[in-house]
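The structure under discussion appears below in the form of structure tokens.
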Amino acid sequence: MKDLSKSNLGLSPDTLAAQGLGWEDAETGAVIPPVHLSTTFARDDQYQLPTHRVYARDGAASLDQAEAMISAFEQAQEAMVFASGLAACMAPFHALQPGDRVVAQSGIYFGVPTWLDEFGDAQGLEVVFVPGGDEPALLAAIAAAATALVWIENPSNPLMDVTDITAVAEATHRAGGVLCVDSTTATPVHCQPLTLGADIVVHSATKYLNGHSDLLAGALATRVQTDFWERIRRHRYLTGPLSGGFDLHLLVRGMRTLYLRVERQSANALAIAEFLEAHPKVARVRYPGLPSHPRHALAARQMQRGFGGLLSFHPKGGRDGALAAANALQVIIRATSLGGVESLVEHRHSVEPPGSGVPDDLLRLSVGIESAEDLIADLDRALAQL
Ligand SMILES: *Cc1c(COP(=O)(O)O)cnc(C)c1O
């Protein structure tokens, strides 16, 4: 496979993304890769493999291309793509040993804490949760004992807490562990956690990487290849959470516009956050790009080119006010998920497990690529109903 990220041209990730790393088909000259569907690969008359391909669970052409692209975006040594974001999230936990200690941020995407609650014991893991936004407590919890794995989400979904990745990475390494950063909401456009000291970066590729709300996928990328990384790969091979050829083709296609989409989404999100913050019917806005965010200065240091397309806000009037505002929207769609080109609003409290700690007056907005004026007008009309 041709890979422009390995060239000495010093190309920006925007260029690498747009060109899919410079893929072209040697045989036909096609600029766009075909949909690779074969799960199996022929052997020669000596029963040898003419290429390194054996079976789709070992890897396929579109899997390789998706992984090479994510690796380039994250400045990683290697990436692994999974069948969903959660399959990617859980893979490092499956590679741990019984007795291993895990320190995890709470108030993050519900799936990880829920799995740790329901299955962590059975896997023999000792799990310590620390609320996002309390970094001194997080650093103290990591320093308290030998720790195998630290899990943070940055910025966190839906509370938009921002964590100092370098400080947490140093503490994690002193405790003997690996730091995993779920960077789904930041996207590789705004933040590369591996360059800040994290060991593994995690994405729900269902969200911004694919960007069109039409497939499930996830990814891990590693700063350096380690035994732990190879154990994760072995686990993926033996459990098989891989996407099929159609989805991988769409993922590669979606990622070609990643930088373009996310820049627009972030610019729209900042305009909306500023509008909401000034609105008399809004009690609070959570967006790392606003100077009112408690870690705005840190976010500005850790992020480039903007602060992402996700924000949360609290309309006045408590739970009823939030639901009334969401129900009055005519353009922004009431639906879960994030990162697609269409704007979505979600009342997370209604869909999270009980006790997740998400305030009942919080609305999360996943801002799309529509006209910012149209989105602001939609929010303005909805808030006028309160
Ligand atoms: C959606 C999401 C996940 C889970 O990803 P799926 O692709 O839905 O399995 C994990 N982390 C974050 C931050 C997410 O937003």
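The values are calculated or read from the model by the stated rules, or taken from the named source; none is laboratory data. Please read these numbers as outputs of a predicted model, since none were measured by experiment. Because the Cβ atoms are built from the backbone with ideal geometry, glycine has one as well, and the counts that use them run over all protein chains shown. Surface accessibility is based on the protein's heavy atoms, side chains included, excluding ligands, DNA and RNA. Shrake-Rupley method; radii C 1.70, N 1.55, O 1.52, S 1.80 Å.
Tabulated data for the structure shown
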read-out	value
Pair list, Cβ under 6 Å, 6 or more apart: region 201-218 residue of a type in the set (D, E, K, R), other residue assigned to a loop (DSSP other than H, G, I, E, B) and open to solvent by less than 10 Å² (accessible area, probe 1.4 Å)	Lys207/Leu338; Lys207/Gly339
Residues of region 201-231 classified as of a type in the set (Val, Ile, Thr) and within 16 Å of the ligand (Cβ to nearest atom), total	3
Selection from region 131-156 of residues that are open to solvent by 10 Å² or more (accessible area, probe 1.4 Å) and either touching a residue at least 60 places away in the same chain (Cβ under 8 Å) or assigned to a strand (DSSP E or B) (or both)	Pro131, Gly133
Condition broken by Tyr47, with the remaining ones in (1) aromatic (Phe, Trp, Tyr); (2) open to solvent by less than 70 Å² (accessible area, probe 1.4 Å); (3) at pLDDT below 95 satisfied	(2)
For Leu338: the one exception among (1) under 26 Å from Gly254 (Cα atoms); (2) open to solvent by 10 Å² or more (accessible area, probe 1.4 Å)	(2)
Residues located in region 360-386, provided they are outside any helix (DSSP H, G or I), open to solvent by less than 40 Å² (accessible area, probe 1.4 Å) and under 19 Å from Arg286 (Cα atoms)	Asp361, Leu362, Leu363, Arg364, Leu365, Ser366, Val367, Gly368
Search result, residues across region 158-181 that are within 14 Å of the ligand (Cβ to nearest atom) and open to solvent by 10 Å² or more (accessible area, probe 1.4 Å)	Leu159, Asp161
Exclusive hit being outside the structural domain of Met69 (by TED's automatic domain parsing) and not hydrophobic (A, V, I, L, M, F, W, C), set Arg236, Arg264	Arg264
Every residue from region 242-252 that is surrounded by 18 or more Cβ atoms within 10 Å (Cβ to Cβ) and assigned to a helix (DSSP H, G or I)	Gly245, Asp247, Leu248, His249, Leu250, Leu251, Val252
All positions within region 94-127 that are within 13 Å of the ligand (Cβ to nearest atom) and either open to solvent by less than 30 Å² (accessible area, probe 1.4 Å) or assigned to a strand (DSSP E or B) (or both)	Ala104, Gln105, Gly107, Ile108, Gly111, Val112, Pro113
Tabulated pairs, region 296-313, first on the phi > 0 side of the Ramachandran plot and among the polar types (S, T, N, Q), second open to solvent by less than 10 Å² (accessible area, probe 1.4 Å) and at pLDDT below 95, C-beta under 6 angstrom, 6+ apart or interchain	none
Matching residues in region 3-21 - criterion: being touching a Leu at 6+ places or on another chain (Cβ under 7 Å) and either outside any helix (DSSP H, G or I) or modelled with pLDDT under 90 (or both)	Asp3, Leu11, Gln19
